[in-house]
Amino acid sequence: MKSIAELEEIRKKTLEQIGLRKSSGKGKRIVVGMATCGIAAGARPVMNAFLEELKKRNIHDVQVTLTGCIGVCRLEPIVEVYNEDGSKVTYVKMTPQKAARVVAEHIVNGRVCSDYTITAAEKE
Amino acid sequence: MRDLSLHLLDIIQNSLAAEADKISIGITANRAKNRLSLLVLDNGKGMREKVVRQAVDPFFTTRKTRQVGLGLPLLNMNSRQAGGRLLIKSVTGRGTLVAAVFQIEHPDRPPLGDIGETITASILAGPETDYKIVLKNKNNKMRISTEEIKWQLGEVPITSFEVLTWLRGYLNDCVTAIFGGVLNEIDCRAGGNTEENT
């Protein structure tokens, strides 16, 4: 079983990485819709996939936050990615697998996964 | 909602929308009484009596964007279907208590689900809010407080990915220790559960 004592290790490790992060400036922001509609559609595992993937890749300058209903419940789970310049990409019908790809392509390499966007979904 | 932890997250979102900065979450299982209860107590702005009565009506909502509000009605339905009930008490300006009771053995009781993930999601939704989680069976109790964790972390934010993924695992270990063998869906790990032994 995990113990609360492990927290001290994590604190030290994270503190070192925070020191490195300061130079990299303002990063992207990932916003997951987590109202009743999002939760029922599976937004929580999507959020968790983002956390796991960002942790795995040692990315620290990205912020993950939650919000309420974004307004298009039928396309949940919805995730908005805000770029450094303030522009926004809306991903719809997300899954943990898609989240991993968004991290790899959009967050790391800056290439939008255009097949997951709301524009692509509305064309169908 | 597939499981109780998702309902819990949904109810906690209500508390955050009510501007609560302290939220207590209680999960209590008593196998002898065949009773599982989920409890969320917040210090948010509360609801007037009339609003409390309407809260379980799916066609009632206080938001302006849409005419439905399904969170509490779905939880009400699920607890009733599992031989339990939903209780809401609220005082304006003081806070709200939501308690959902289920029969542990009822075939329609949803499983408990990933409580750890619900708490990490709640922390991301309201990082400034303090969460107190109490897990209880007939003989044992575990308490987790994010206020204490924040204190221990010092300048490291509780929202950092390492902390959150660890916290999820830690909370789920606590859930297994308290509810393993007590709730049918959670296996009893060696040394984890003591309700059956005593």
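The values are calculated or read from the model by the stated rules, or taken from the named source; none is laboratory data. Worth saying up front: this structure is predicted, and the values here are computed from it rather than measured. Here the Cβ is made from the backbone with ideal geometry for all residues, glycine too, and neighbour counts use every protein chain on show. Side chains are part of the model used for accessible areas, which takes the heavy atoms of the whole protein and leaves out ligands, DNA and RNA. Shrake-Rupley method; radii C 1.70, N 1.55, O 1.52, S 1.80 Å.
Over segment B:49-189, with a single point scatterer placed on each C-alpha, what log10 of the ratio I(q)/I(0) does the Debye formula yield at q = 0.13 1/Å?
Log-scaled intensity ratios, in q order: -0.76.
For segment A:72-108 and segment A:1-65, write down the distance between their C-alpha centroids in whole Å.
Taking the Cα centre of each part, segment A:72-108 and segment A:1-65 sit 15 Å apart.
Rounded to the nearest 500, what is the 222 nm mean residue ellipticity of chain A from helices alone, with -39500 (n - 2.57) per DSSP H run of 4+ residues and division by all residues?
Details: 5 runs with 49 residues, N = 124.
Taken over chain A, the calculation gives -11500 deg cm²/dmol.
Can you work out the FRET efficiency for the pair B:Gln152 and B:Thr61, with r the C-beta to C-beta distance and R0 = 30 Å, to the nearest 0.05? Provide the component values of the computation, followed by the final result.
Details: r = 39 Å, r/R0 = 1.30.
For R0 = 30 Å, the calculated efficiency reads 0.15.
Starting from the amide H of B:Ile104, placed 1.01 Å from N in the peptide plane, find each other amide H under 5 Å away whose residue is 5 or more places distant or on another chain.
HN-HN under 5 Å from B:Ile104: B:Arg35, B:Leu36.
Give me the Kirkwood hydrodynamic radius of segment B:1-131 in Å, from all C-alpha pairs, to one decimal place? Walk me through the numbers before you get to the answer.
Values: mean 1/r = 0.0669 Å⁻¹.
Result for segment B:1-131, one decimal place: 14.9 Å.
Sort B:78-90, B:59-71 for me by packing, meaning the mean count of neighbouring Cβ atoms within 10 Å per residue, highest on top.
Working: B:78-90: 18.0, B:59-71: 13.4.
Highest to lowest by the protection proxy: B:78-90, B:59-71.
Rounded, prolate or oblate: which one fits the protein assembly as shown, using the alpha carbon gyration tensor with axes a ≥ b ≥ c (rounded when a/c is under 1.5, else prolate when a/b beats b/c, else oblate)? Intermediate results must be reported in sequence, preceding the final value.
On the way: a/c = 1.72, a/b = 1.24, b/c = 1.39.
Taking the square roots of the gyration eigenvalues as a ≥ b ≥ c, the protein assembly as shown is oblate.
Does anyone have the angle between helix A:6-21 and the longest principal axis of chain A? Alpha-carbon axes, 0 to 90°, nearest 10?
Roughly 70 degrees, rounded to the nearest 10.
Express the relative contact order of segment B:1-102 as a whole percentage, based on alpha carbon pairs under 8 Å and six or more residues apart in sequence. Mind dumping the intermediate values first?
Details: 177 pairs, mean separation 29.8, N = 102.
29 percent.
Based on DSSP, what percent of beta bridges with both residues in the protein assembly as shown are antiparallel, to the nearest 5? Write out the running numbers ahead of the final one.
Numbers: 37 of 50 bridges.
DSSP beta bridges in the protein assembly as shown are roughly 75 percent antiparallel.
Which residues of segment B:120-137 show a drop of at least 50 Å² in accessible area when all protein chains are present, compared with their chain alone (probe radius 1.4 Å, heavy atoms only, ligands and nucleic acids excluded)?
Buried-area filter returns B:Leu124.
Beyond a 20 Å Cα-Cα separation, which of these cross-linked pairs lie in this structure: A:Lys123/B:Lys64; A:Lys12/A:Lys55; A:Lys28/A:Lys98; A:Lys55/B:Lys132; B:Lys64/B:Lys89; A:Lys55/A:Lys98?
Numbers: A:Lys123/B:Lys64 29 Å; A:Lys12/A:Lys55 16 Å; A:Lys28/A:Lys98 18 Å; A:Lys55/B:Lys132 25 Å; B:Lys64/B:Lys89 24 Å; A:Lys55/A:Lys98 16 Å.
Those over the limit are A:Lys123/B:Lys64; A:Lys55/B:Lys132; B:Lys64/B:Lys89.
Whole number in Å², please: accessible area per residue of segment A:39-124, 1.4 Å probe, ligands, DNA and RNA not counted. Write down the numbers at each step before the final one.
Working: 3970 Å² over 86 residues.
Per residue, segment A:39-124 has 46 Å² of solvent-accessible surface.
With a 1.4 Å probe and all protein chains left in place, how much of the accessible area of chain B comes from carbon and sulfur atoms, in whole percent? Don't skip to the end; give the middle numbers.
Values: 4620 of 9380 Å².
So the carbon and sulfur contribution to the accessible surface is 49 percent.
State the cysteines of the protein assembly as shown left without a partner when partners are defined as other cysteines whose beta carbon lies under 4.7 Å away.
A:Cys69, A:Cys113, B:Cys174, B:Cys188
State the Cα centre-to-centre distance between segment B:5-83 and segment B:130-152 in whole Å.
Centre-to-centre distance over Cα atoms comes out at 20 Å.
So what is the relative contact order of segment A:15-124, in percent, for Cα pairs below 8 Å that sit 6 or more residues apart?
Numbers: 171 pairs, mean separation 32.1, N = 110.
The normalised contact order for segment A:15-124 reaches 29 percent.
Please compute, for peptide A:2-9, the average count of beta-carbon atoms on other protein chains lying within 10 Å of each residue's beta-carbon.
On the way: counts 9, 2, 6, 1, 3, 9, 2, 2.
Other-chain Cβ atoms within 10 Å of each residue's Cβ, averaged: 4.
Say R0 is 25 Å: what FRET efficiency, to the nearest 0.05, do B:Arg80 and B:Lys33 get from their beta-carbon distance?
Working: r = 18 Å, r/R0 = 0.72.
According to the calculation, E is roughly 0.90.
Given C-alpha coordinates of segment A:24-124, what is the ratio Rg to Rh with the Kirkwood estimate of Rh? Working shown, then result.
Working: Rg = 12.5 Å, Rh = 13.3 Å.
Ratio of gyration radius to Kirkwood radius: 0.94.
Would you mind counting up the charge near B:Tyr131? Only other residues with Cβ under 14 Å from its Cβ, with Lys and Arg at +1 and Asp and Glu at -1. All intermediate terms of the calculation are to be shown ahead of the outcome.
Details: positive: B:Lys22, B:Lys132, B:Arg143, B:Lys150, B:Arg168; negative: B:Asp21, B:Asp42, B:Glu117, B:Glu128, B:Asp130, B:Glu147, B:Glu148.
Taking every other residue near B:Tyr131 into account, the sum is -2.
Out of all DSSP beta bridges with both ends in chain B, state the antiparallel percent to the nearest 5.
80 percent
Provide the per residue accessible area, probe 1.4 Å, for chain B, rounded to a whole number of square angstrom. Provide the component values of the computation, followed by the final result.
Numbers: 9380 Å² over 198 residues.
Solvent-accessible surface per residue comes out at 47 Å².
How large is the helix-only mean residue ellipticity at 222 nm for chain B, computed as the sum of -39500 (n - 2.57) over DSSP H runs with n ≥ 4, divided by its residue count, in deg cm²/dmol to the nearest 500?
Values: 6 runs with 69 residues, N = 198.
That comes out to -10500 deg cm²/dmol.
I need to check one value: relative contact order of segment B:84-198, counting alpha carbon pairs closer than 8 Å and at least 6 residues apart, in percent.
Values: 126 pairs, mean separation 24.4, N = 115.
Here the relative contact order equals 21 percent.
With solvent modelled as a 1.4 Å probe, how much accessible area in total do chains B and A shield from it at their shared surface, in Å² to the nearest 100? Can you show the working numbers first?
Details: alone 10990 and 7830 Å², together 15570 Å².
Buried area between the two chains comes out at roughly 3300 Å².
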